[in-house]
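Worksheet for the structure shown next.
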C-alpha cells in the first residue's frame, strides 16, 4: 500500500510542459490545471526517508533500480493523474497503473492526488520535489517520518 501511495504521489508530481514554461498551476472552477509546470510526464530521480522530528534529516536515500526507472507519473491538463509504477516483487518487475483526479494549489504549495496530500517543496519546468507524511517511524524515535521524492522531466 505504501508503494502505491508513493507511486500515486510520484505520478501526480511529474508531467511535461513547454520548455521554458515556468508558470505555476492556477486552479480554476472546472478543476483543471492548465498551462502549468506540474502538467506532463515525470520520472523518479531519488527517494528519501526523512525524519519527522525536523522534516530535514535524511534517514535513508534510495535511487531507483532498473525496474523502478520504467515508471512514469503524468499530470494532465484535465485534472487527471496517470501512474504507471514499477516495483520488484519476488524478483519480478511488476507494473501498477492508476488514474485519479489531482489538484495543485500553488498558493499553498499543496498537491492533492485522490485523497492524499503532499507538500510541494520545489517545482520548475524540469524538477518536482514532494514531501509526504507516512505512518512509519523509520528511525525508531517514536515520531512518524516522511517520504521525500525528487522527480524530473
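The values are calculated or read from the model by the stated rules, or taken from the named source; none is laboratory data. Source: prediction; values computed, not measured. Don't worry about glycine lacking a Cβ; one is built from the backbone with ideal geometry, like all the others, and counts go over all protein chains shown.
Report whether or not residue 90 is farther than 13 Å from residue 38 by Cβ and loosely packed, with under 14 Cβ neighbours inside 10 Å.
Against the criterion (farther than 13 Å from residue 38 by Cβ and loosely packed, with under 14 Cβ neighbours inside 10 Å), residue 90 qualifies.
Within segment 56-76, how many residues are modelled with pLDDT of 95 or more and not in a strand (DSSP E or B)?
Residues in segment 56-76 being modelled with pLDDT of 95 or more and not in a strand (DSSP E or B): 11 in total.
What is the residue count in segment 101-116 for residues that are part of a strand (DSSP E or B) and within 15 Å of residue 38 (Cα to Cα)?
Matching residues across segment 101-116 total 9.
So for segment 127-144 (the condition being over 15 Å from residue 46 (Cβ atoms) and within 14 Å of the chain's Cα centre (by Cα)), does at least one residue qualify?
The answer is yes, given that some residue of segment 127-144 is over 15 Å from residue 46 (Cβ atoms) and within 14 Å of the chain's Cα centre (by Cα).
So, in segment 139-152, how many residues would count as being surrounded by 18 or more Cβ atoms within 10 Å (Cβ to Cβ) and either part of a loop (DSSP other than H, G, I, E, B) or in contact with a helix residue (DSSP H, G or I) (Cβ under 7 Å, 6 or more places away or on another chain) (or both)?
The qualifying residues number 4.
Based on what the data block shows, is residue 96 assigned to a strand (DSSP E or B) and either at pLDDT below 95 or touching a strand residue (DSSP E or B) at 6+ places or on another chain (Cβ under 7 Å) (or both)? Write out each step before concluding.
Working: assigned to a strand (DSSP E or B): yes; either at pLDDT below 95 or touching a strand residue (DSSP E or B) at 6+ places or on another chain (Cβ under 7 Å) (or both): yes.
Criteria met by residue 96.
Test residue 86 against the stated conditions and say whether it is more than 13 Å from the chain's Cα centre (by Cα) and either without any contact (Cβ under 8 Å) to a residue 24 or more places away in the chain or outside any loop (DSSP other than H, G, I, E, B) (or both). Before the answer, list the steps.
Working: more than 13 Å from the chain's Cα centre (by Cα): yes; either without any contact (Cβ under 8 Å) to a residue 24 or more places away in the chain or outside any loop (DSSP other than H, G, I, E, B) (or both): yes.
It is true that residue 86 is more than 13 Å from the chain's Cα centre (by Cα) and either without any contact (Cβ under 8 Å) to a residue 24 or more places away in the chain or outside any loop (DSSP other than H, G, I, E, B) (or both).
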